[in-house]
Amino acid sequence: MGTEGFTAPSAEWRFYTVKKIDSISVILVDGSVTAGFPSPADDYLEARIDLKRELVRNPDATFVVRVQGDSMTGDGISDGDVLVVDRSLKYRNGSIAVCCLNNAFTVKKLEIKGPRIRLVASNPLYPAIDIQENDELLIWGVVTYIIKKT
């Protein structure tokens, strides 16, 4: 079995909890942003929005992690992006999840067919990984949001 698209646990993988953060407040602009002629945003400034309340359903079970690699680019997850991951959600077929397979962390789409589970990359350069009987798979949590790095 290959381990393409996997990263061994190291100082590079840092998981951050969000339960101790009171709020993450930013200015909310009323309306939407057009891709045409620009308009002054100051005319539409509203109150503040709490990103923790918007992005985190269960603070005690939610963490964030920065992505390393390009195995999930087909699902809009790029190197350097930050994932919001909820450990309290039940994973299902098609879920994108942070997993630990044989002590190596990865983010992949779950393909579940009966008792069989595959970890599927969305970049065609990386093959799907069939979970074997002796493999140790731990599904840490389901990705709920992707915070893009630009």
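Of the conditions (1) within 15 Å of Gln68 (Cβ to Cβ); (2) at pLDDT 95 or above; (3) among the polar types (S, T, N, Q), Ser95 satisfies every one except a single condition; which number is it?
(1)
Which condition from (1) surrounded by 14 or more Cβ atoms within 10 Å (Cβ to Cβ); (2) modelled with pLDDT under 95; (3) of a type outside the set (Lys, Arg) is the one that Val120 breaks?
For Val120, the failing item is (2).
Out of the residues in the stretch 39-56 that are modelled with pLDDT of 75 or more and touching a strand residue (DSSP E or B) at 6+ places or on another chain (Cβ under 6 Å), which is surrounded by the most Cβ atoms within 10 Å (Cβ to Cβ)?
So the residue we want is Val56.
Is the stretch 79-99 home to any residue that is part of a loop (DSSP other than H, G, I, E, B), out of contact with any strand residue (DSSP E or B) (no Cβ under 6 Å at 6 or more places or on another chain), of a type in the set (Phe, Trp, Tyr) and at negative phi?
No, every residue in the stretch 79-99 fails to be part of a loop (DSSP other than H, G, I, E, B), out of contact with any strand residue (DSSP E or B) (no Cβ under 6 Å at 6 or more places or on another chain), of a type in the set (Phe, Trp, Tyr) and at negative phi.
The values are calculated or read from the model by the stated rules, or taken from the named source; none is laboratory data. Predicted model only: the values in this text are computed from it and were never measured. As a convention, Cβ positions derive from the backbone with ideal geometry for all residues, glycine included, and neighbour counts pool all protein chains shown.
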